Amino acid sequence: MIDIKEDERLSKLNHSCAHLLAQAVKHLYPKAKFWVGPVISEGFYYDVDLGDHTLTDDDLEKIAKEMKKLAKDGKRIYRVEISREEALEKFKDDPYKIDLINEIPDGEVISCYTQGDFTDLCRGPHVDSVKECKNFKLLKVSGAYYKGDSKNKMLQRIYGVCFDSKEDLDNYLAALEDAKERDHRKIGKELELFMGHELVGPGLQMWLANGATVRYELEKYIKEKEVKLGYEHVYTPYLASTELYKVSGHWDHYKDDMFPPMKIDNEELVLRPMNCPHHMLIYKSKLHSYRDLPIRIGELAPDFRYEASGAVCGLERVRQMCQNDAHLFVRPDQIKDEVSKVVNLILDVYKDFNITDYAFRLSLRDKNNTEKYFDDDDMWEKAESELRRVLTELGIDFYEAPGEAAFYGPKLDVQIKSAIGHDVTLSTCQLDFLLPERFDLTYVDENGKKARPVVIHRAILGTFDRFMAFLIEETKGVFPLWLAPVQVKVIPVNNEYHLDYAKEVTDQLKDAGFRVELDARDEKLGYRLREATLKKVPYVLILGDKEMADKTISYRLFGHKETETVSLDDFDKMLLKQIKERR
Ligand code: TSB
Ligand code: ZN
C-alpha cells in the first residue's frame with residue numbers, strides 16, 4: 001500500500017484536498033471552527049468543531065458534493081505571507097487558529113493560502129488549482145480531542161484521500177477494502193481465533209479453542225525443527241527478582257518497557273520482559289569446555305512488556321506475548337557459522353509458510369542515546385561490525401536502521417508489513433557481547449584457560465502472537481490443512497437417512513487423528529455448506545445415498561465448486577500426505 005506522506009506529489013495534493021474539505025465544510029456550516037488538516041500515510045484529515053452537530057454519513061456525502069462543485073469551479077490557489085498582527089486579525093474568530101499562530105516561533109514566516117472565498121493559515125506547499133483535487137474520497141469521521149489531550153474538547157476528524165486520476169483512486173480504495181478484509185482482528189473474530197475483554201485489559205488477548213489449535217501446531221512445528229538442529233528446550237519462571245534485571249542491565253536500559261515491580265515481604269519481583277537472564281544463569285550453572293559449544297537453549301517463553309495502550313493492536317502488539325526464543329552460547333570463531341544457521345532456519349520456515357514479502361534490517365544503536373543503549377563504544381563497534389561483516393559474507397541483502405538495536409547489541413531483524421500498513425519485526429537474530437560479560441560467563445578453551453562466549457539471541461517465529469496475526473492476514477484465515485482448526489466437516493445430506501453413516505465416517509477420521517466436526521443440525525444442506533465455507537474449513541464431506549451405498553465419500557475442497565468421490569481410505573491417505581508435506 002502506498003504511503004501518501006512519503007510521496008511528494010501526493011502529499012501536496014492531499015494537503016490541498018484537506019483545504020478543499022475545510023472550504024466545503026465552511027460553506028455548509030458557516031459557524032465551523034478549524035484546528036489542523038495534515039497529510040497522513042493514508043491521505044489527509046481535518047479536525048473541525050461544529051458545536052453540537054455530529055456528522056453522519058449523509059453529511060459526509062453532502063460535504064463531498066460541495067467539494068466536487070468547488071473542484072469543478074477550479075479556483076486558483078495562491079500564497080500570501082503576512083505579519084503576525086495581520087494573521088491574528090485575519091483569524092480573530094477562529095480560536096484554534098489563534099492558538100496555532102501564537103505557537104509559531106518569532107522570526108518564522110507566517111503564510112496563508114487562499115482559494116476563492118476561503119483562506120487557511122498554512123505553511124504549504126499546495127497544488128496550483130483546486131481543480132487538481134477532483135479525484136478524492138471522504139473515508140470516515142471520528143472524534144479527536146483538541147491537541148490530542150482528553151481534558152480538551154472533542155472535535156470531529158474527517159478523513160479522506162486524493163489521487164491524480166480516478167483509476168489511481170479506485171485502485172487505492174480497492175486495496176484499502178482488501179486490507180480491511182484481511183485485518184487479523186476482523187478474521188480473528190469471525191473464525192473465533194482470539195478475543196480480548198475490557199475486564200482483562202488492553203493488549204491481553206485470550207486464545208480461543210480454534211486459535212489455540214493453530215498455536216499448538218505451530219509450537220510443535222518449530223520445536224521439532226529446533227530439536228533436529230541441536231536445541232535444548234527449557235521452562236523458566238515468568239517472575240524474577242528485580243536483582244536479576246539489575247545484573248543483566250535491563251533495569252538501567254529497559255525499565256520503561258517493563259511492568260512495575262511487586263513488593264512482597266522483603267522481596268521485589270518483576271514480570272519478565274525477556275528470558276535472556278534466566279538462560280544466562282542456566283548456562284552459568286555448569287562448567288563448559290570449548291568442545292561443548294555452541295550450546296543452544298530454547299524456550300517457548302511468555303514475556304510481559306508495558307506497551308502503550310494506544311499502541312497495542314490485536315495479536316500483533318500485545319502486553320503478554322510468547323516468544324519462540326533461544327539463546328545460543330558460541331565461541332567467537334563460531335559466530336558466522338551460527339548466524340548463518342539461524343538465517344537458514346528463518347528462510348526454511350518462511351518457505352514452509354510461503355512468506356515472500358519481507359526485508360532484512362540491520363538494527364544499530366543510536367550513539368547519542370546513552371539512556372537506551374549500554375555505554376561502551378568499543379563493544380558496540382565490535383558487535384556491529386562483526387554482524388555487518390557476517391551478513392555481507394553470507395550475501396544477505398539488508399538495509400541499516402540506527403536506533404533500532406537492543407540495548408545489549410545489534411540485531412538482524414526481518415521486517416514485514418501488516419494488512420493495515422504497520423512495519424513490524426517478525427524474526428530476529430541478535431549479537432551480544434554484553435550479557436556474557438555482565439553474568440561473567442565462561443568456557444575453558446583449548447589451552448585450559450577461561451574464555452568468554454558470545455551470545456546470539458534469536459526468535460524465528462518472533463512471538464506466537466505476532467506470527468499468528470501475520471499468518472491470519474497472509475492466509476485471510478484459510479489456513480493450510482496441517483494448521484486448520486477444523487480440517488474436515490462432515491455433512492449428511494439428510495439427517496434421517498444418512499446420519500449413521502456420517503457418524504461412522506466422522507469416528508474413523510477422528511481415530512486417524514484428523515480434526516473433524518459433524519454438522520447434523522436441523523438446517524438445509526445449502527445452509528450448512530455455506531457455513532463451512534464461511535468458517536474456511538478445508539474439506540467438506542457431503543454424504544448421501546450414493547456414498548452410503550458405495551461406502552465412499554464425496555468431498556469439496558475450500559474454494560472449489562466441484563466435488564470428488566473417493567474411498568475413505570484414499571481420502572485418509574491424501575490428507576495424511578498433505579499434512580506431512582505441510583501443503
Ligand atoms: C530474541 N531477548 C531477545 C530474544 O532472545 C528479544 O526479546 N528480542 S525482541 O525484543 O526483539 O523480541 C523478540 C520478538 O518478539 C520480536 O522480533 C517480535 O517479533 C516479537 N515482539 C516484540 N514485542 C512484541 C509485542 N509487544 N507483541 C508481540 N510480539 C512482540
Ligand atoms: Zn534474549
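The values are calculated or read from the model by the stated rules, or taken from the named source; none is laboratory data. Just so you know, these numbers come straight off a predicted model, no measurement behind them. For neighbour counting, all protein chains shown are included, and Cβ atoms are generated from backbone atoms with ideal geometry for every residue, glycine included.
Quick notes on this one:
- A single member of ASP432, ASP378 is more than 13 Å from ligand 1 (Cβ to nearest atom) and closer than 24 Å to HIS327 by Cβ, and it is ASP378.
- Here SER418 passes the criteria (1) in contact with a strand residue (DSSP E or B) (Cβ under 9 Å, 6 or more places away or on another chain); (2) within 16 Å of ligand 2 (Cβ to nearest atom) except the one numbered (2).
- Qualifying residues in segment 116-156 (those that are among the acidic types (Asp, Glu) and touching a residue at least 24 places away in the same chain (Cβ under 8 Å)) - the one surrounded by the most Cβ atoms within 10 Å (Cβ to Cβ): ASP120
- Of residues in segment 462-502 being among the aromatic types (Phe, Trp, Tyr) and more than 30 Å from SER427 (Cα to Cα), the one nearest to ligand 2 (Cβ to nearest atom): TYR501
- Residue count for segment 403-442, restricted to those that are under 18 Å from the mean Cα position of the chain (by Cα), at pLDDT below 95 and among the hydroxyl-bearing types (Ser, Thr, Tyr): 1.
- Within segment 456-494, tally of residues that are in a strand (DSSP E or B) and touching a Lys or Arg at 6+ places or on another chain (Cβ under 6 Å): 1
- Qualifying residue in segment 27-37 (condition: under 28 Å from the mean Cα position of the chain (by Cα) and in contact (Cβ under 8 Å) with a residue 40 or more places away in the chain): yes
- Set side by side, the residues ASP337, ASP377 differ, and just one is charged (D, E, K, R) and either closer than 28 Å to LYS225 by Cα or in contact with a Pro (Cβ under 9 Å, 6 or more places away or on another chain) (or both), which is ASP337.
- Some residue of segment 236-258 being modelled with pLDDT of 95 or more, of a type in the set (Asp, Glu), closer than 28 Å to ASP352 by Cβ and touching a helix residue (DSSP H, G or I) at 6+ places or on another chain (Cβ under 9 Å): no
- Residue in segment 427-448 that is without any contact (Cβ under 8 Å) to a residue 60 or more places away in the chain, away from ligand 2 (no atom under 16 Å from the Cβ), farther than 27 Å from LEU347 by Cα and not aliphatic (A, V, I, L, M) present: yes
- Taken as a whole, the structure leaves SER363 outside the set of residues that are among the small types (Gly, Ala, Ser), surrounded by 15 or more Cβ atoms within 10 Å (Cβ to Cβ), at pLDDT 90 or above and away from ligand 1 (no atom under 14 Å from the Cβ).
- Enumeration of residues in segment 241-289 that are in a strand (DSSP E or B) and within 14 Å of ligand 1 (Cβ to nearest atom): LEU271
- Filter pass, ASN354 being surrounded by fewer than 15 Cβ atoms within 10 Å (Cβ to Cβ), part of a loop (DSSP other than H, G, I, E, B), at pLDDT below 90 and away from ligand 1 (no atom under 16 Å from the Cβ): no
- Members of segment 222-244 that are within 28 Å of the chain's Cα centre (by Cα) and not hydrophobic (A, V, I, L, M, F, W, C): LYS223, GLU224, LYS225, GLU226, TYR231, HIS233, TYR235, THR236, PRO237, TYR238
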